[in-house]
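Encoded as structure tokens, the structure appears first; notes follow it.
The values are calculated or read from the model by the stated rules, or taken from the named source; none is laboratory data. From a predicted model like this one, the values you see are computed outputs, not experimental measurements. Ideal geometry is used to build each Cβ from the backbone, glycine not excepted, and the neighbour counts take in all protein chains shown. Just so you know, the surface numbers come from the protein's heavy atoms only, side chains and all, with ligands and any DNA or RNA stripped out. Shrake-Rupley method; radii C 1.70, N 1.55, O 1.52, S 1.80 Å.
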Amino acid sequence: EDFVAPGVNGATGRVLPYANQQAGAAIGGPLIPDKMHYFFSYEYEREPNTILTSPIGFPGQAFSFPTKLTQNSFLGRGDYQLGGNNHFTVRGSYWDWKNPFTQVSGTEHPSQAANRTRKAINAAGTWSRVINQNVLQEVKVGYSHFDWKNLHAEPGMANFPNLVFPGGFNLGQRRNYPQEFFQNTYSIRYDLSLHRGSHDFKIGGEFLKDRHTGWWQNFGRGIFNFATNPPDIE
């Protein structure tokens, strides 16, 4: 239990319930014995929660909103043995992270909340060939993707300007939202391993192409700065 003293950093003294549900499964085995095998797994996590906030500018008022963090994770792999000299492996994974109402501290207005997502995708393939008892070659290709987004928690607030009042009280969606960033990496690698007597040699090369893109709107919806608080601010 996490007891919070009332009045400390805007705390209300309320102890929030905690819940976290996780589930997963995995399956694998031979499709063709000693020749083709597969493996697949899935994991899921769900963490419901409650946001409590007592915004500056609203004395004695508190807001409570439900929120929920979810994650999904997939993994798959396949192996294929072609004859006695060639082996192929493919592998892929996917992960996502979502919270539609988050990033609001204990003194911020709920209109500052964000819809946040994260996603990662990875794929790789390997071809291993035994040329002879002293020579092995490997070819590897891969792709990696990651993106994250901070969007408007309330779509109706997407065009609402940011209102800034004295005392550090802001109303409306954050001034630099939405934000979207993407990372993509492509790779190919070749390795040649040789054994001669009591010596081992390895040569090869790798090519990587990495690209990062992203954008956000800084002050995109405009800002109203108030010199004084309106009498009807509550």
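For the range 170-234, the strands (runs of 3 or more DSSP E) that sit wholly inside it and include 3 or more residues that are farther than 26 Å from Q61 by Cα and among the charged types (D, E, K, R) are 179-196, 199-216.
Of all the residues in the range 211-234, those that are charged (D, E, K, R), in contact (Cβ under 8 Å) with a residue 24 or more places away in the chain and open to solvent by 80 Å² or more (accessible area, probe 1.4 Å) number 2.
I'd like to check something: does the range 159-167 contain any residue that is in a loop (DSSP other than H, G, I, E, B), at positive phi and touching a residue at least 12 places away in the same chain (Cβ under 8 Å)? Checking the range 159-167: at least one residue is in a loop (DSSP other than H, G, I, E, B), at positive phi and touching a residue at least 12 places away in the same chain (Cβ under 8 Å).
Which of the residues spanning the range 46-66 are aliphatic (A, V, I, L, M) and either closer than 22 Å to D96 by Cβ or in contact with a Phe, Trp or Tyr (Cβ under 9 Å, 6 or more places away or on another chain) (or both)? The answer is I51, L52, I56.
Which count do you get for residues in the range 181-210 that are exposed (fewer than 15 other Cβ atoms within 10 Å of the Cβ), under 26 Å from K119 (Cβ atoms) and in contact (Cβ under 8 Å) with a residue 24 or more places away in the chain? Number satisfying all stated conditions: 5. Name every residue in the range 27-76 that is farther than 17 Å from W95 by Cβ, within 21 Å of the chain's Cα centre (by Cα), open to solvent by less than 70 Å² (accessible area, probe 1.4 Å) and at pLDDT 90 or above, in order of residue number. If the condition is that a residue be farther than 17 Å from W95 by Cβ, within 21 Å of the chain's Cα centre (by Cα), open to solvent by less than 70 Å² (accessible area, probe 1.4 Å) and at pLDDT 90 or above, then P48 is the only one that fits. Per the conditions (1) in contact with a strand residue (DSSP E or B) (Cβ under 8 Å, 6 or more places away or on another chain); (2) farther than 30 Å from G57 by Cβ; (3) open to solvent by 60 Å² or more (accessible area, probe 1.4 Å), the sole criterion not satisfied by P100 is (2).
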